[in-house]
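Here's the structure, in structure tokens; my notes come after.
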Amino acid sequence: MKRITPNLLISALFISTAFPALAETSDDVGQLAQSTPTTRTIFVKMDDISYSQKTIDVQPGETVRFVLKNEGALMHEFNIGQAATQLEHQLEMAALFKDGTLTPTGMAESIVWHERYGTGEANPPGYPEVIKAKHDDPNAILVEPGTTKEFVWTFPKAGSLSFACTLPGHYQAGMVGEFALR
Ligand SMILES: [Cu+2]
């Protein structure tokens, strides 16, 4: 008989409540934007485990279209933000890996069993819920191996911003770079 464990319940609650709070669209980091014919495109290649650039020059207030190509065998992230927030985001990513909704190569599903209340020793004893990773932060995108994704971002007028991959171990391996706003 499969029963839901407290650990699974905690991680399910964590996923459903933790991520919306992380949305970053303030003046500090900039915001998601629409591409226009004049939008400048910057190509960034991702590999295991690095970006093709260590520094990316952007003008204050500029809107940039990023084309992100993952040539590695692992999934990578392009996360625009302040260093402190990106460090926090690493904890959330680690939790998604722990519950199995993110794997080193992509998104997955995990099944959580819920108790069925008020039915005594009914068979089946519970009902399954399929849980998918929720990674919908406006300031970040996941790029699966062998794929290319686009991301259009309007930068703030000033500030200190980084681009980083917050998948477990990647940031520590040096998968982080600086935006030079000038
Ligand atoms: Cu990475």
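The values are calculated or read from the model by the stated rules, or taken from the named source; none is laboratory data. Because the structure is a prediction, the values reported are computed rather than measured. No Cβ is skipped: glycine too gets one built from the backbone with ideal geometry, and neighbour counts run over all protein chains shown.
Some points to look at:
- When segment 154-165 is filtered for residues that are in contact with an Asp or Glu (Cβ under 7 Å, 6 or more places away or on another chain) and part of a strand (DSSP E or B), only S162 remains.
- Residues (modelled with pLDDT of 95 or more and hydroxyl-bearing (S, T, Y)) located in segment 147-165: T147, T148, T154, S162
- Top-ranked residue in segment 72-109 [being among the acidic types (D, E) and in contact with a helix residue (DSSP H, G or I) (Cβ under 7 Å, 6 or more places away or on another chain); ranked as nearest to A140 (Cα to Cα)]: E92
- Filtered by the rule that a residue be within 12 Å of the ligand (Cβ to nearest atom) and either at pLDDT 95 or above or loosely packed, with under 14 Cβ neighbours inside 10 Å (or both), segment 72-93 gives G72, A73, L74, M75, H76, E77, F78, N79.
- Complete set of residues in segment 166-182 that are touching a residue at least 60 places away in the same chain (Cβ under 8 Å) and either outside any strand (DSSP E or B) or within 16 Å of H135 (Cβ to Cβ) (or both): T166, L167, P168, G169, H170, Y171, A173, G174, M175, R182
- Taking the listed residues E144, E129, E150, E178, the one that is surrounded by fewer than 19 Cβ atoms within 10 Å (Cβ to Cβ) and touching a helix residue (DSSP H, G or I) at 6+ places or on another chain (Cβ under 8 Å) is E129, with no other qualifying.
- Count of residues meeting criterion [within 16 Å of the ligand (Cβ to nearest atom) and hydrophobic (A, V, I, L, M, F, W, C)] in segment 31-60: 3
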